[in-house]
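Visitor: Quick one: this structure, given as structure tokens, is what I'll be asking you about.
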Amino acid sequence: MKLANERVAGRSAPVNKDLARLLSRLDELSVSPGFAQQRRIAFGRALQVYVELGNQSPLSPLREEVELADLLLYADFYPEDGQLTLIEQLRDVITEHIPEEERVWLDPLKHSYLDLVEVLARQPSSVRRTLRSIGNGRLYEIPAESLDLDAESGQVLFTRLVREPGDPESALAVLAGPLLVLSDRDARALYETTGEERREMEVVGGSFELGDWPEFAKRFGHLLLKNFARMRLAALLEAVSEIRFRTEAGAPYFYVMALYEHHEFTFIAGGMGELEGWLEEAPPRLAASTGSEKLRRFVQRAKTDTRADEVRARVTVTATELFLECDSQERLDAIKHRLAATFGYSLHFRGESVQPPTRQVTKDELSGTEPLKVVVTAEEDRALLKAFFETVYLEWADRESPALGGDTPRHVARTPAGRDRVAGLIDAMERCDFGLLRGDTAAFDHNTLRAHVGLC
């Protein structure tokens, strides 16, 4: 499902002028002071997903969702304070004169309900388009001008159909205005999800019959709106998860990271060299400046449609640390499991980061058919690394270190000899700063760590 923004899914069909006047009367009645609380209850039910998320919601309801909720309010919602439905009030209680041409639409509107209807193939020169309910297979004939000329057969409309006045069994109907265009696949998913809720309600309520589809949709049409909103939110989350982050050079950007500590360089580095699916690559130029041979790097590659043997994960082993970076949390979890199975207690997990770079993207960008590609600048990379290492390194000060015999750096640094040991460890970490391994700028000011453990 695309993000169902206004450009993708929302439509507004022309409404019969007499029906439109009737809807306007109902709207005026719905905003009266005596009905304000019930209106809030009804909208809280129909637009539940957005209401519950509040200001944290990444999506706002579509105009068509709000208009469909309006129709539920007018014709379906039974107030909790015992009032009649709005349409019943207008029909049976309001003494104001209503022209007959409007009044004839009262019963058809009262008996209408939200529905999912499939657009059938258009007949040549026909002035009507045929729609078929997914819920019970009933056919509707609506004026052809209600739909775009390019409306495709197989599309499904999430809308409200009102039968034309006269024979209640007639197939002739009109659209009540708002409609949402769904693919057949998404519409079936919406129908099935709502059907599952219906079955749960039957079991929990001890009733195995909530009526046929028209009766159920009339009573619980708000479930269709709620589940549509859930689908929109799920589609957004999926689109975000599929964003492809890239470096300025066009390579995959590794925003998913994990850090381990160890005290067995030969064992760890040798083991990585023997792991299936991992290849050793030349260490960065930083290796020469460290004055140490204890720096090795391994990569995991995956073939793609656009780039052969693209690097998807990297492990850097230094004298005391192992830095894992990759392109997704799923890959991170799989590699962490592999490392734990291979090295056991020789590796000491220190922390991870799975949050992608903060970036404002539009719903239109996320609605594309291809995953969105976002370039991460060197400045953004440094900010991400800094935030990660500020957390894990400051916690390191009070965690048991294998290089210190299982004692904490802060505790060891209380003695002169211990201070030298801790200082040596921090010096080694600084020389192999992972910001320098990824770019040209250190990711962390190690003087902060020195001060934190009491060396400064």
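Visitor: Can VAL422 be described as over 30 Å from the mean Cα position of the chain (by Cα) and at pLDDT 90 or above? Let's see the steps before the verdict.
Guide: On the way: over 30 Å from the mean Cα position of the chain (by Cα): yes; at pLDDT 90 or above: yes.
The answer is yes for VAL422.
Visitor: Same structure, new question: Of ALA187, ALA249, which residue is in contact (Cβ under 8 Å) with a residue 40 or more places away in the chain and either surrounded by 14 or more Cβ atoms within 10 Å (Cβ to Cβ) or within 30 Å of LYS386 (Cβ to Cβ) (or both)?
Guide: ALA187
Visitor: Would you mind telling me which numbered condition in (1) out of contact with any Pro (no Cβ under 7 Å at 6 or more places or on another chain); (2) more than 26 Å from ASN227 (Cβ to Cβ); (3) surrounded by 11 or more Cβ atoms within 10 Å (Cβ to Cβ) PHE77 fails?
Guide: (2)
Visitor: Right, something else. Across segment 10-30, which residue is modelled with the lowest pLDDT among those that are closer than 14 Å to VAL66 by Cβ and not charged (D, E, K, R)?
Guide: GLY10
Residue by residue, here is whether (1) in a helix (DSSP H, G or I); (2) under 16 Å from LEU72 (Cβ atoms); (3) modelled with pLDDT of 90 or more holds:
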residue	(1), (2), (3)
ALA151	no, no, no
PRO168	no, no, no
MET231	yes, no, yes
ALA234	yes, no, no
GLU238	yes, no, no
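Visitor: Can you pull out every residue in segment 218-246 that is surrounded by fewer than 22 Cβ atoms within 10 Å (Cβ to Cβ), in contact (Cβ under 8 Å) with a residue 60 or more places away in the chain and over 22 Å from the mean Cα position of the chain (by Cα)?
Guide: LYS218, ARG219
Visitor: Given the conditions (1) in contact (Cβ under 8 Å) with a residue 40 or more places away in the chain; (2) crowded, with 20+ Cβ neighbours inside 10 Å, and given that ARG45 satisfies all but one, which numbered condition is not satisfied?
Guide: It fails just one condition, (2).
Visitor: Let me ask you something else. Got a number for residues in segment 397-420 being closer than 14 Å to ALA319 by Cα and either of a type in the set (A, V, I, L, M, F, W, C) or part of a helix (DSSP H, G or I) (or both)?
Guide: Total meeting the criteria: 3.
Visitor: From PRO143, PRO168, which residue is on the phi < 0 side of the Ramachandran plot, outside the structural domain of GLY221 (by TED's automatic domain parsing) and surrounded by fewer than 17 Cβ atoms within 10 Å (Cβ to Cβ)?
Guide: Among PRO143, PRO168, only PRO168 is on the phi < 0 side of the Ramachandran plot, outside the structural domain of GLY221 (by TED's automatic domain parsing) and surrounded by fewer than 17 Cβ atoms within 10 Å (Cβ to Cβ).
Visitor: Further question: Take the conditions in the same structural domain as VAL317 (by TED's automatic domain parsing) and closer than 22 Å to PHE267 by Cα and apply them to ARG419. Does it pass?
Guide: Against the criterion (in the same structural domain as VAL317 (by TED's automatic domain parsing) and closer than 22 Å to PHE267 by Cα), ARG419 does not qualify.
Visitor: Look at ASP440 and say whether it is in the same structural domain as LEU259 (by TED's automatic domain parsing), closer than 18 Å to LEU394 by Cβ, among the charged types (D, E, K, R) and part of a loop (DSSP other than H, G, I, E, B). It would help to see each step written out before you state the result.
Guide: Values: in the same structural domain as LEU259 (by TED's automatic domain parsing): yes; closer than 18 Å to LEU394 by Cβ: no; among the charged types (D, E, K, R): yes; part of a loop (DSSP other than H, G, I, E, B): yes.
It is false that ASP440 is in the same structural domain as LEU259 (by TED's automatic domain parsing), closer than 18 Å to LEU394 by Cβ, among the charged types (D, E, K, R) and part of a loop (DSSP other than H, G, I, E, B).
Visitor: A further question on this structure: If a residue counts only when it is at pLDDT 95 or above, which helices (runs of 4 or more DSSP H) contained entirely in segment 40-102 have at least 2 such residues?
Guide: Counting at least 2 such residues, we get 63-75.
The rows are residues; the columns are (1) modelled with pLDDT of 90 or more; (2) in the same structural domain as ALA234 (by TED's automatic domain parsing); (3) more than 23 Å from GLU325 (Cα to Cα).
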| site | (1), (2), (3) |
| --- | --- |
| PHE349 | yes, no, no |
| LEU366 | no, no, yes |
| THR377 | no, no, no |
| ALA387 | yes, no, no |
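Visitor: Here's another thing I want to ask about it. Can we say GLY277 is in a loop (DSSP other than H, G, I, E, B) and not assigned by TED's automatic domain parsing to the domain that holds MET429?
Guide: So GLY277 does not fit the description; no.
Visitor: Taking LEU73 as the residue in question, decide whether it is touching a residue at least 60 places away in the same chain (Cβ under 8 Å) and not β-branched (Val, Ile, Thr).
Guide: On the way: touching a residue at least 60 places away in the same chain (Cβ under 8 Å): no; not β-branched (Val, Ile, Thr): yes.
Judged against the criteria, LEU73 is not a match.
Per-residue answers, yes or no, for (1) more than 30 Å from the chain's Cα centre (by Cα); (2) of a type outside the set (A, V, I, L, M); (3) farther than 20 Å from ALA189 by Cα:
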{"position": "ALA46", "(1), (2), (3)": "no, no, no"}
{"position": "GLN56", "(1), (2), (3)": "no, yes, yes"}
{"position": "LEU62", "(1), (2), (3)": "no, no, no"}
{"position": "LEU86", "(1), (2), (3)": "yes, no, yes"}
{"position": "TYR113", "(1), (2), (3)": "no, yes, no"}
{"position": "ARG132", "(1), (2), (3)": "yes, yes, no"}
{"position": "TYR140", "(1), (2), (3)": "yes, yes, yes"}
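The values are calculated or read from the model by the stated rules, or taken from the named source; none is laboratory data. Keep in mind that this is a model prediction, so the values were computed, not measured. Backbone-built Cβ (ideal geometry, glycine too); neighbour counts: all protein chains shown.
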